[in-house]
1. Evaluate the following for Lys148: is it in a helix (DSSP H, G or I), of a type in the set (Lys, Arg), surrounded by 15 or more Cβ atoms within 10 Å (Cβ to Cβ) and in contact with a Pro (Cβ under 9 Å, 6 or more places away or on another chain)?
2. Check Gly76 against each of (1) buried (at least 17 other Cβ atoms within 10 Å of the Cβ); (2) within 23 Å of Gly171 (Cβ to Cβ); (3) not assigned by TED's automatic domain parsing to the domain that holds Thr170; (4) not hydrophobic (A, V, I, L, M, F, W, C) and name the one condition it does not meet.
3. Does Ala91 count as surrounded by 12 or more Cβ atoms within 10 Å (Cβ to Cβ) and not assigned by TED's automatic domain parsing to the domain that holds Met182?
4. Taking only region 73-127 into account, find how many residues are under 14 Å from the mean Cα position of the chain (by Cα) and not in a helix (DSSP H, G or I).
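The values are calculated or read from the model by the stated rules, or taken from the named source; none is laboratory data. Keep in mind that what you see is a predicted model, and the values were worked out from it rather than measured. Cβ sites come from the backbone with ideal geometry, for glycine too, and all protein chains shown count toward neighbours.
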Amino acid sequence: MTEEMIFDLQRFADDNGDSDAADPASDAGGAGGDAGGTDKTPPEDAGGTILGGDGKDANPAGVPDAYDFKSIVPEGMDYDEQSAAAFGEVAKKAGLSQEQASTIAAYGMQYMQQGVDAAMQAVQETQAAWAEEARTQLGGQFDTTVAKAAAARDALAAKIPGLTAMLNETGAGNRVEMIRLMAAFGDLIGEDGGDRNGVAGAEKSIYPNTDFKKYSS
């Protein structure tokens, strides 16, 4: 057997022991594993997401610093600066543009206006029902009773400013109870308005059979 075919254990051991140090490919591979990096895990404090950025944009595109809702206020409705500012803060936190916030605000105002209109309609219907009830209860005495009530109302309105406006605003002027009450005053003070300085307008006493002159000093 020739020398080239001899299997030398010692030489195999020596070669194996030096292979790691002598093999540049192995060293390069190891360095490549560290330098090239196979661990794709991002740092813990990367901030935000890959596409979302850091999430620190305090004023996103399209969100105004302040909102203006004056142009969408329905006719006849007052513009409330405080309420507008409060809604503006909510809109800004939601990231709404001026157009988006105005659309929502306009819908809210329209809905509120519809509620107001419905309430006013209900009030008017109630007052009309009171007037119809008064006509029914007073019957043939309606015109006479209302005339006495109107005279008393005018006399009292001269002493109580705003009385007539109150009767109209509240609708109390249509209540049969108020009409009868005023008519009773009309009987006491006279249909001429109760002018105490005139003979014809002298106030009628509720004690017609009593002569109070006897008790005057």
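1. On the way: in a helix (DSSP H, G or I): yes; of a type in the set (Lys, Arg): yes; surrounded by 15 or more Cβ atoms within 10 Å (Cβ to Cβ): yes; in contact with a Pro (Cβ under 9 Å, 6 or more places away or on another chain): no.
Considered against the rule, which asks whether it is in a helix (DSSP H, G or I), of a type in the set (Lys, Arg), surrounded by 15 or more Cβ atoms within 10 Å (Cβ to Cβ) and in contact with a Pro (Cβ under 9 Å, 6 or more places away or on another chain), Lys148 comes out as no.
2. Evaluating Gly76 over (1) buried (at least 17 other Cβ atoms within 10 Å of the Cβ); (2) within 23 Å of Gly171 (Cβ to Cβ); (3) not assigned by TED's automatic domain parsing to the domain that holds Thr170; (4) not hydrophobic (A, V, I, L, M, F, W, C) leaves (1) as the failure.
3. It is true that Ala91 is surrounded by 12 or more Cβ atoms within 10 Å (Cβ to Cβ) and not assigned by TED's automatic domain parsing to the domain that holds Met182.
4. If we filter region 73-127 for residues that are under 14 Å from the mean Cα position of the chain (by Cα), which is where we start, we get 73, 77-91, 101-102, 104-116.
Now drop any that are not not in a helix (DSSP H, G or I), which leaves 73, 77-80.
The total comes to 5.
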